[in-house]
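The values are calculated or read from the model by the stated rules, or taken from the named source; none is laboratory data. Being a predicted model, the structure only gives us computed values, none of them experimental. Here Cβ is always computed from backbone atoms with ideal geometry, including for glycine, and neighbour counts include all displayed protein chains. Please note that ligands, DNA and RNA were not included when accessible areas were found on the heavy atoms of the full protein model with its side chains. Shrake-Rupley method; radii C 1.70, N 1.55, O 1.52, S 1.80 Å.
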Amino acid sequence: MSTQGILCLLESQATRQQERPPQQSGLEKLRATVHALVIQRDQLKAKIEANKELGSDDPGPSTRGVGAEGSEGSVNSQLLQLMARHAQLTDWLHAHHLIGGYDVIETRQGKGVCVSVATSYEGVYLERYSLEMVVAPAVQIVRHDVPVFVPLARLAEKDGALQHHLTGFLGELGRLLDGYAGRRQQLRLLKEQHASVSVMESNAPCTLLVLTLTAPRTPPLGDVAVLCKLHYSDHTRCLPEEVTVQSEDGELPETAQWKGICTLLKQTPLHKAVATLIQRGDIK
């Protein structure tokens, strides 16, 4: 399938649903991509016009020799190549807009495309994941490096998203990958910044974390260990929906202090919440 064919496919799948606006951290990159394409397009357009003017200065058949005919053929060939490249750049600019600014590379001699989905957290770009898809006779993912715990097949089949709503499919996939990247980044920052907090358990998608915290108590009582579990049921989010605590001190989880701590952990990124708890003296 040609570039024009790929464009038609993307255009036919464009929906009227309002897509999530690009993250501010990636806005400049998208603008730079479009700007570079526009510059290339305009440069080629200028070359095309220059070649057209050159071709229009025709001295006529009576004064045109064999060498002139050869030169004209060369100019015409260059003109056709420039026009084809100009049309291709215009198509890719349109395609870039249709799929919401995702990076797209043509593969398999025009029969497929490779789409890259970038992840970020708090303005920092993290991992980039790619999917290669063939577009005829039906859209099909042939290769990808998306983590195995992301339900890629289910997303593709849901309401025929891959075949009929490609932008919606990529949007939902991007939200899941962003959620995973954000949770993993919080966990990494926690380990780097707060060595006193032990991570007892974490699963691959970082949707279940078990931490050991140390709570100080008034002498003569000694410090007490607190087991804190964080459950992330919405995999597109970076904050847990459920936080529970257990301790040898059976009364501790029911105190107003620790109920407030659980609320803080549900509303604040993990590494920042722990920093606040240490600063307030709630944990060591």
For segment 224-256, how many residues are among the hydroxyl-bearing types (Ser, Thr, Tyr) and assigned to a loop (DSSP other than H, G, I, E, B)? 4
Assess whether Tyr121 counts as being surrounded by fewer than 18 Cβ atoms within 10 Å (Cβ to Cβ) and aromatic (Phe, Trp, Tyr). no
Every residue in segment 208-222 that is surrounded by fewer than 17 Cβ atoms within 10 Å (Cβ to Cβ) and in contact (Cβ under 8 Å) with a residue 60 or more places away in the chain, please. Thr214, Pro216
Residues being open to solvent by less than 40 Å² (accessible area, probe 1.4 Å) and on the phi < 0 side of the Ramachandran plot: count how many of those fall in segment 142-165. 8
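Rundown of residues vs (1) surrounded by fewer than 20 Cβ atoms within 10 Å (Cβ to Cβ); (2) on the phi < 0 side of the Ramachandran plot; (3) among the basic types (Lys, Arg), yes/no style:
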site	(1), (2), (3)
Thr167	yes, yes, no
Gln185	no, yes, no
Arg188	yes, yes, yes
Pro205	yes, yes, no
Val224	yes, yes, no
Glu241	yes, yes, no
Glu251	yes, yes, no
Pro269	yes, yes, no
Thr276	yes, yes, no
Inter-residue pairs, beta-carbon under 8 Å, first over 15 Å from Val115 (Cβ atoms) and in segment 142-165, second outside any helix (DSSP H, G or I) and open to solvent by 70 Å² or more (accessible area, probe 1.4 Å), 6+ apart: Asp159/His165
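Just for segment 193-202: of the residues that are in contact (Cβ under 8 Å) with a residue 12 or more places away in the chain and not in a loop (DSSP other than H, G, I, E, B), which one is surrounded by the fewest Cβ atoms within 10 Å (Cβ to Cβ)?
Within segment 193-202, the first condition is being in contact (Cβ under 8 Å) with a residue 12 or more places away in the chain, and the residues that meet it are 193-194, 196-200, 202.
Applying the additional criterion that residues be not in a loop (DSSP other than H, G, I, E, B) yields 193, 198-200, 202.
Details: Gln193: 13, Ser198: 14, Val199: 13, Met200: 11, Ser202: 17.
Result: Met200.
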Residue within segment 100-118 that is over 30 Å from His271 (Cβ atoms), hydroxyl-bearing (Ser, Thr, Tyr) and touching a Leu at 6+ places or on another chain (Cβ under 9 Å) present: no
Given the criteria in contact with an Asp or Glu (Cβ under 7 Å, 6 or more places away or on another chain) and surrounded by 14 or more Cβ atoms within 10 Å (Cβ to Cβ), does Tyr129 qualify? yes
